[in-house]
Each structure stands twice: as C-alpha cells, then as structure tokens.
Amino acid sequence: MDSIYFLEVVVSVLFMSMVAQTLSKRFKVPVIIFLLIEGILVGPEMLNFINPATFGDGLTAIVSLSVAVIVFDGGLHIDIKSIRPIQKTALKLTTVGVLITFLGGTLVTYVVLGVSFKLAALFGALVAATGPTVITPLVRNIHVNHKVGKILEIEGVFNDAASVILAAFMFEWIVSQLYGFDAVIFILQRLVIGIIIGMVSGYILKSFLSSGSLVTDQTARFFTLTLVMSSYVVSELLGNESGILAAAVFGIVTGTSNIPHKQALKEFKSDLVMMMLSIIFILLAAMLDFEDILGLGFKGIIVVLMLVFFVRPMAVFGSTMNSHLKSKEKLFISFIGPRGVVPASIATYFAVKLDSMGIFGGQTLVGLVFLTVIITVIMTGTLARRVANFLGVIPMEILIIGGGEVGKILAERFEKRGENVVVVDNSEEKCQRLLKQGIRAIHGDAEDINVLKDAGIEKAKYIVATTDQDNTNLLVSQIAKSKFNLKEEQIVARVNNVENLHAFWDLSIRSMSPQMTTALVLDNMVGKPSMFSMCEVGEEGEILEARVTNPKVAGKAIKDLSLPENSLLLMVRRGEQSFIANGNLVLEYDDLVTVIGEDDAAREVVDLLYR
C-alpha cells in the first residue's frame, strides 16, 4: 500500500472524527452514529474513497490494539472499592447474562434464518458483547443513575472479553471440531491466561508509578500505553483471543489501585480512545458490503429485533432476579444493548478465515453482525435519552460537602431515592465508611477547586455544605457561586452558629441552623399533635416540591388527577401567592407544588407533575 495513501486515509479519518464530534454535540446524539454513517459514506459501496481491504492484515492489527486500549480505558474508570453493592449484579450480567444471550441469539438465528447450527452459535457468541466502545460514551453523555451506569460500563468491559473467548471457542468448534475435555480446556486456559497477565500488568504499573519523583505525567502515560499493548500481545501469544480479557483486568486493577498520576492517565486515555474509536469505527463501517445485508432480507431484521426486544430483556431480568434494581432500571439496562467494534471486527476476521478454508457462511455472518451493529447503535443512540427520561433513570447530580452524621444521613436519603450523590470530606475514615455503604466519596479538602472538580461540581445540580465549620461551608458556597456559576437556589448550607446566619443570608445563600430549626419544630409540636405525623412521614417517606411542567396536568383540577395512594398535595405556590391544595384547585403551568407521601408515592406524584 502506498504510504501517501495511508497518510491520506489517517488524516481523512481524523478530520471526519472532528466533524462527527461536532455534530454529536450539536444534535446531542452519540458520536458513534455519525462515525458509522461517515464510514459507510466513504467506503467502497458509496464514494469509494477509503478501501480497508488495501490494509491487508495490518487492519486486524490496528483494530486489535485499538480495542485493547479502549477496553483498558473502560476498566480504568471502574473502582471495585466504590461499587461493592453492584458487584454481584454486574458479575451475573457478565456470566449468566452472556450465557442467556448466547443461547437466545443462537436459537433465534437458527430458527428464523435457517442457517447451520454451528454458524448460528458463532453469531450468538459474537452478539453476546455489549462493548464499551458504544456504552461508555453513551452513559457518560446522558448521566444516568450512577448505579445503572456503572453496571452497564462493567458489563460492557467484561462482556467484550467473554464474547471474544466464547466466539473463539465456537470458531475452533467449526474448523477444528473441539469436543468434550478439549473444549473445557480451551476456555479455561484463555480465562486463566487473561486474568493472570492482566493482574501482573497492573502490579508492574503500580510499582513503576510509585517508584519515585522521576516519574512524570508524560512518562506515566507513555509507560502505561506501552504496557497495555505489551500485555495484549503477550496474552495473545500465550492463548489466542485472551488479550481482550487481559486488557480489561489490567484496566480494573489500575482503576481500583491508589496510584500516582491516575488522573493524568484518565485524561490522556480519554483523548486517545476517542481517536482510536474514530479510526476503527470508520474503517470497519467502510468494509460493509450492502449485498451481505440485503441477502439476509426481512428475516435478518427480525433476528436483530428479537435480540433487542426479547433476548436482551430475558438476559437482564434473568441475571438480575434477586438484585436491588428497580423494574424501571432493569428495563433501561435491557434497552441499552448496542453492539460495537468487537463483534464487527472479529466477524470480519472469522469470515476471511472461513472463506479461505472453503467453509460456507462467512459473508452471512458478516452481514448479520453489521446489521445488528447498525440497528442497535442507531436505535440506542437516538432513543437512549428519551427512554431514560421516560423511565426516570436520569437523576440529579448532588454534591455534599462533609461526611459527618448529617452528610451521611443526607447522602443515604438521596441515594435511596435514586439521585447521583458524591460526598467530599477530608477524613479518610469517613470516606471509607461511606464507600462501604456504596456511596461515592472523595477524600480531600473541599476548599480546593481541583478536589471539587474531581467530585463533579461542574455537573452538579445542587451543592449542600454540611460540615461543622461555618467558614468552610461559607467558602465552598462562595466558590460554587463565583467559580462554577451555580445559582442561589442550587446551593444549600448548614450554619452551626446561629450568629453566623446573617453572613450567609447577606450573600444570598440558602441556609439553616440546626439549633434554630430544632427549636422551631419543637415549638410547633407543643400543643399541635398533627406535627408528629408530619415528622413520621418525613422519616419513612418523602416531603418534596415539584414544578408543574407536564402539559397533561396543567389546566386540571387536583381532584381529577390520578394520584397514587398514600400521597397528598399540601400547598401550591403560584408566583407570590400560596394556596391550600384542595380538590377544586386547578393547577397551572410552573406552579410549585408541595407533595407528601409514604414510600415511593411522593416520587410518583413528582414524576406525574414534572415532565
């Protein structure tokens, strides 16, 4: 291949990547969709500007190393210590879920398309992957519930590895007739090799980065990239198709370790991953042959739709049966099952191998995999945000300053109702206590802007300062307003000394004093027994406020609303006026409604009013 042509392709792909990212931000659609469209557009089937076939075996090498880096980056953002409550759920999705998807995909393909059972099994193994190349940017873009997002990311990272090993086994079954003990040895060998190489690589990296002051951010990035590629190559040499698992384990070991330069690695890898993702997605999309897809006909579309709406939900609900996930969260995870780079690249590689051996079915496999990638990526990318909003899995981002008793109880309540919470505290002990409860905690000084950035203040919907130091609470509130442009209604502070209340009020910071509030509540309780029931509901249920933004609610009387049991509207605030929420009161758009309810009833009312 002409070196100038190669450079033309690289420059063109990078330019198309910038265009895709710009369009992605403009239309708020995952960049993968635009990369896919661009790849098909410049490929041999349309403009014929890029022909990946001219790369020969070099394309396989480019794709393999790129996927290894992408999977490592996915693992790098997973900290096992902070996700203990969801470990079992994620593990079941990557084992039981993969098995159900494999069996379901195989059965559907065999019955609907009528292909050989071995070819159907190979396809079933390939589509068991829900790769991080699509899921990770998708989850980060729409900011779903932290628990759901992490489950999807972990599943994506490990499913890639599980799918690759399973597909390799199926391929060997077709070409080498593996059976019985040989089949078991094949899979176990790849699992052991991938896990060991990944863990050893993580230990080597940790030792190197902790070796002293001579290691700079630049050195750390270069060494890490070299080690990622080396671990992939060594793992593949010891057991083919085990390299992806090694990269995944390596990434998770690094992400979980407390090592220097970790933030520099994450920032660098994010940029590198975006570039590699662009290159391989455009090149693989350019390889698409329309005849391979058209040859499948309407039956091919039926297979993909059954994978999306039957096999995937069955795998998710089957593997999360005894988990703490809500039905709406399970439904969202069921919908997010796009297939990406890994099945497309491996299917192409297997197709070439099958054709060279004179075994029929290679082009059918490629066509079916690419059809699955196109439909699932476009469907997920365009509808994920709407589905997330409909199911209510996009929570508020709330930053709590202080991990003491007040901050801890507040974080627990926010987590219980499904919000994304991060606690910042300068006590390592308090942070560890919160992490054990499954609450994200950042150890550091909240007065440090970099610590606040690490905690996600730039995305926060609310910041709540709960420390027992008024100076800290006041300074953090000022930083949030002046440096991060949070509005007055987004900042809430605790004032420990009643005399300091005016200092907060003068700066328009919403604040409360525990002493003053306690006195007021006790005053209202004396001679007013009804206040006790209010406090009891506040302990077991919710007292919430919500804006009326649902057009189906605005203009209706409260008595005409189908409110859930154990819920009640207390007050409606309209501009400067307040109204008792009697049944005949007609709600108007932008009314602020106070809701009280037991269990999840209050949240259901809020969902009804605010859409």
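Values for this structure:
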quantity: Sites residue 556 and residue 590 - FRET efficiency at Förster radius 25 Å, r taken between beta-carbons, to 0.05; calculated: 0.95
quantity: Subset of 92/326; 25/552; 92/330; 150/266; 408/483; 147/416 violating a 23 Å alpha-carbon distance limit; calculated: 25/552; 408/483
quantity: Residues in segment 439-459 that a label on residue 324 would reach, taking backbone N under 12 Å of a point 7 Å out along Cα→Cβ; calculated: 439-440
quantity: Full-extension gain in nm, residue 28 to residue 436, via 0.36 nm per residue minus C-alpha separation; calculated: 143.3 nm
quantity: Nearest-0.05 FRET efficiency for residue 496 and residue 95, computed from C-beta distance (R0 45 Å); calculated: 0.35
quantity: Residue 234 paired with residue 417, simple spin-label distance in nm, labels 7 Å along Cα-to-beta-carbon; calculated: 5.1
quantity: Accessible area, probe 1.4 Å, largest first, for residues 417, 140; calculated: 140, 417
quantity: For the chain: accessible area per residue (Å², 1.4 Å); calculated: 47
quantity: Charge sum, other residues only, whose C-beta stays under 15 Å from residue 380's C-beta, Lys/Arg counted +1 and Asp/Glu -1; calculated: +4
quantity: Residues of segment 587-607 with amide N under 18 Å of the 7 Å Cα→Cβ point at residue 510; calculated: 590-596, 603, 606-607
quantity: Rounded, prolate or oblate (a/c below 1.5 giving rounded, otherwise prolate when a/b exceeds b/c) for the chain by Cα gyration tensor; calculated: prolate
quantity: In Hz, Karplus ³J(HN,Hα) per residue of segment 438-448 (6.51, -1.76, 1.60; θ = phi - 60°; x = Gly, Pro); calculated: x, 9, 5, 9, 10, 8, x, 7, 5, 7, 8
quantity: FRET efficiency, 1/(1 + (r/R0)^6) with R0 22 Å, evaluated for residue 523 and residue 573 via beta carbons; calculated: 0.40
quantity: Spin-label model distance (nm) - residue 468 vs residue 226, 7 Å beyond Cα toward Cβ; calculated: 5.1
quantity: The chain, helix-only ellipticity at 222 nm - DSSP H runs n ≥ 4, -39,500 (n - 2.57), divided by all residues, nearest 500; calculated: -20500 deg cm²/dmol
quantity: Between 0 and 90°, nearest 10: helix 132-142 axis offset from the chain longest Cα axis; calculated: 20
quantity: Under 14 Å from residue 262, Cα to Cα: aspartates and glutamates that are on another chain or at least 8 residues apart; calculated: 73, 79, 217, 454
quantity: Loop-resident sites, segment 1-103, for trypsin sites (Lys or Arg not before Pro), counting at most 15 other Cβ within 10 Å (DSSP); calculated: 28
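The values are calculated or read from the model by the stated rules, or taken from the named source; none is laboratory data. This is a predicted model, so every value here is computed, not measured. Heads up, the Cβs are rebuilt from the backbone with ideal geometry, glycines too, and the neighbour counts pull from every protein chain shown. Quick note on the areas: whole protein, heavy atoms, side chains included, nothing else; ligands and nucleic acids left out. Shrake-Rupley method; radii C 1.70, N 1.55, O 1.52, S 1.80 Å.
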